[in-house]
């Protein structure tokens with residue numbers, strides 16, 4: 001390799017890294033990563049979101065900084081799945097959770113709403129959506145996928161997942177099928193541990209891999225890896241798919257024929273960071289076959305990832321041929337997107353059109369699952385609302401009490417607006433015996449009690465609370481997993497809306513008060 005060729009590749013290594021940062025405007029760290037490390041992509045979270053206009057200004061500023069040092073535009077990505085995982089809520093069309101579509105919408109409506117949501121992202125300057133999830137939620141004890149999946153079987157996930165991909169890509173931004181090879185049949189959240197899917201290859205091809213095969217055949221732009229171990233393709237029990245050459249090259253590239261961009265899930269998640277480590281994980285995932293590694297949070301890890309890649313290239317341990325393959329795939333993705341018109345003006349009137357809002361509300365309302373029999377609230381009686389609220393923010397549970405300026409995930413304001421005399425008590429996701437006793441005592445003063453649960457089917461504390469509340473004055477609202485409604489078969493009313501976000505809870509309140 002001659003020196004000029006080596007230098008050129010060294011300058012392009014930042015294209016392999018996508019990073020996040022704190023703030024509504026670019027801070028010194030992200031500016032330095034763009035100018036000095038030449039990183040090729042930025043991921044946005046709620047910490048970067050104030051309003052659509054602000055997001056548009058932020059994206060254009062990031063691209064302008066990049067344009068000063070590079071003629072290759074940035075990928076700007078976000079997790080805008082819908083429902084529980086919408087980084088941008090205010091000022092955009094409220095998309096339902098994936099699982100709601102098969103309950104309340106057609107495949108065509110799923111495609112239309114994903115096209116609408118993606119077009120709104122494009123207006124703001126975002127050009128990659130880390131959606132849809134093609135995981136099959138065939139394990140009801142899954143704490144991280146759940147309502148983010150379109151369903152519990154291959155056909156539902158494939159039909160609605162392909163519709164979502166068509167809609168997103170029709171709007172001109174990249175769709176990303178995740179989490180390959182499938183995070184559905186796990187009972188461990190890879191944000192905190194290392195899950196294993198131990199099925200044989202035959203079963204994986206028939207179930208977990210089937211939606212991904214269909215997505216590849218349909219021309220999905222990108223795929224995101226899962227931090228999940230698949231022994232059928234990886235013999236090392238400590239090597240998840242993200243780090244596995246057997247999975248990313250052997251299975252995905254060679255056996256399944258995927259030629260698009262492979263993103264890793266964030267390498268600061270515990271499944272990687274607490275194992276090989278973020279920087280070592282980035283090197284291993286690239287060697288395994290990934291194209292772009294995500295380091296979403298920590299500046300030092302982001303900088304060190306680029307430096308480590310540069311050192312590997314300089315030493316010859318990183319193949320120039322392998323590097324050029326990834327750079328070519330990334331270049332194709334950037335050419336195919338609306339990245340080159342990043343300076344186009346922001347048009348707020350293209351957001352939240354009446355037609356889009358009506359379609360989203362229709363699908364969400366139809367998706368609402370209501371028990372039979374069902375009794376509405378008596379508006380003349382006072383009501384106690386017990387809201388199970390996430391106290392600690394994760395990348396999935398971003399809206400946590402006291403941690404976000406976004407609307408809380410509670411029925412309280414909607415019930416009050418509907419004329420219900422309501423008082424609220426906040427409940428932790430895992431209440432102690434003492435907390436449960438205090439809640440049951442408080443409930444004794446009311447003849448109407450609503451419990452808005454949050455994955456109660458996975459929480460012994462919530463289950464104990466629900467069991468100790470007399471069914472004759474209990475209404476149970478499943479705030480996330482719909483399986484919660486099975487915990488109170490004799491309640492006056494049981495409802496599931498597949499989300500605790502305001503747009504989903506509106507349908508709940510309309511049913512409770514009609």
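Residue 161 passes every criterion in (1) touching a strand residue (DSSP E or B) at 6+ places or on another chain (Cβ under 8 Å); (2) at pLDDT 95 or above; (3) surrounded by fewer than 18 Cβ atoms within 10 Å (Cβ to Cβ) apart from (3). Within the range 438-453, the residues that satisfy the criterion of being free of Cβ contacts under 8 Å to residues at least 40 places away in the same chain and either assigned to a loop (DSSP other than H, G, I, E, B) or loosely packed, with under 14 Cβ neighbours inside 10 Å (or both) are 438, 441, 444.
Residues in the range 479-505 that are touching a helix residue (DSSP H, G or I) at 6+ places or on another chain (Cβ under 8 Å), within 25 Å of residue 447 (Cβ to Cβ) and touching a residue at least 60 places away in the same chain (Cβ under 8 Å) were compared, and the one that is surrounded by the most Cβ atoms within 10 Å (Cβ to Cβ) is 497. Taken over the range 187-222, the residue count meeting the criterion of being touching a helix residue (DSSP H, G or I) at 6+ places or on another chain (Cβ under 7 Å) and assigned to a helix (DSSP H, G or I) is 4.
Filtered by the rule that a residue be within 17 Å of the chain's Cα centre (by Cα) and either under 20 Å from residue 480 (Cβ atoms) or not in a loop (DSSP other than H, G, I, E, B) (or both), the range 89-109 gives 89, 94, 95, 96, 97, 98, 99, 100, 101.
A Cβ distance below 6 Å, combined with a sequence gap of six or more or placement on separate chains, defines the contacts here; from the range 202-221, residues that are more than 17 Å from residue 149 (Cβ to Cβ) reach residues that are in a helix (DSSP H, G or I) and modelled with pLDDT of 95 or more in the pairs 218/162. The residues listed here are 28, 108; of these, the one that is modelled with pLDDT of 95 or more and farther than 27 Å from residue 269 by Cα is 108.
The helices (runs of 4 or more DSSP H) located wholly in the range 274-389 that include 1 or more residues which are farther than 28 Å from residue 28 by Cβ, touching a residue at least 24 places away in the same chain (Cβ under 8 Å) and out of contact with any helix residue (DSSP H, G or I) (no Cβ under 8 Å at 6 or more places or on another chain) occupy 320-336, 354-367.
Let's see how each residue does on (1) part of a helix (DSSP H, G or I); (2) farther than 15 Å from residue 385 by Cβ:
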| position | (1), (2) |
| --- | --- |
| 467 | yes, yes |
| 477 | no, no |
| 483 | yes, yes |
| 494 | no, yes |
| 499 | no, yes |
| 504 | yes, yes |
| 507 | yes, yes |
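Restricting 2, 66 to residues that are modelled with pLDDT of 95 or more and more than 23 Å from the chain's Cα centre (by Cα) narrows the list to 66.
The values are calculated or read from the model by the stated rules, or taken from the named source; none is laboratory data. These numbers come from a predicted model, not from an experiment. Ideal geometry is used to build each Cβ from the backbone, glycine not excepted, and the neighbour counts take in all protein chains shown.
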